[in-house]
Amino acid sequence: MGQISTLQKRIWANKLRKSFNTQDIDKELIHLTEELGELMHAYRREGKAALAEEATDIVILLLGFFSFLDMDAEKEILKKITKNEKRKYIKSQNGPGHIDLSKSH
Ligand SMILES: [Mg+2]
């Protein structure tokens, strides 16, 4: 088991121990949105330490979210990174951004 999987298990165990939300996905997504707001607040008004802490809150919530889905976050992250690495992109001629060549239109 990798480190991300270990972190995911610790996060879920802590939620259970403290009787935090482990049932209601809607509530968890609202919480995630709140944490995104806190990250933006930290970006605009606070320093690097607060920004790192708020970004970490989001990572913790997201790792816990995989437990709601009964999925292994590490496995899913590795799968998606590999998928992203295999995608071929070209720079768009019409301004910023890239065109994903692997997507069929
Ligand atoms: Mg926070």
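We did not get these values from a lab; they are worked out from the coordinates using the rules stated. Every value quoted in this text rests on a predicted model; they were computed, and no experiment measured them. As a convention, Cβ positions derive from the backbone with ideal geometry for all residues, glycine included, and neighbour counts pool all protein chains shown.
May I ask you to derive the relative contact order of region 3-100, considering only C-alpha pairs under 8 Å and at least 6 residues apart, and to give it as an integer percent?
Computed value for region 3-100: 29 percent relative contact order.
³J(HN,Hα) across region 67-83 via Karplus (A = 6.51, B = -1.76, C = 1.60, θ = phi - 60°), whole Hz, x for Gly/Pro?
Values, residue by residue: 6, 4, 7, 6, 10, 8, 4, 4, 4, 5, 5, 4, 4, 6, 4, 4, 4 Hz.
Which whole-percent values make up P(r) of region 34-74 when all C-alpha to C-alpha distances are grouped in 10 Å steps starting at zero?
32, 39, 23, 6
Which FRET efficiency value, to the nearest 0.05, do you get for Lys86 and Lys18 by plugging their Cβ-Cβ distance into 1/(1 + (r/R0)^6) with R0 = 41 Å? Intermediate results must be reported in sequence, preceding the final value.
On the way: r = 40 Å, r/R0 = 0.98.
For Lys86 and Lys18, the calculated efficiency is 0.55.
Give the total of Lys-Lys pairs in the chain with Cα-Cα distances below 22 Å; include a pair only if its members are 8 or more places apart or on different chains.
Lysine pairs meeting both conditions in the chain amount to 20.
Between Leu29 and Asp70, how high is the FRET efficiency from 1/(1 + (r/R0)^6) when r is the Cβ-Cβ distance and R₀ = 25 Å? Nearest 0.05.
0.90
Region 1-62: which trypsin sites (Lys or Arg not before Pro) are DSSP loop and have at most 16 other beta-carbon atoms within 10 angstrom?
Lys18
Treat every Asp and Glu Cβ in region 3-100 as -1 and every Lys and Arg Cβ as +1, leave all other atoms uncharged, and give the resulting dipole magnitude about the Cα centre to the nearest 20 debye.
Once rounded to the nearest 20, the dipole reads 460 debye.
Which of these, Leu16, Leu32, Leu63, has the largest mean-square fluctuation under a Gaussian network model of the chain (Cα springs below 10 Å)?
Highest fluctuation among the options: Leu16.
Using +1 at the C-beta of Lys and Arg and -1 at the C-beta of Asp and Glu, which of Gly95, Phe65, Phe20 has the Cα lying farthest in the positive direction of the dipole of the chain?
Toward the positive end, the furthest listed residue is Gly95.
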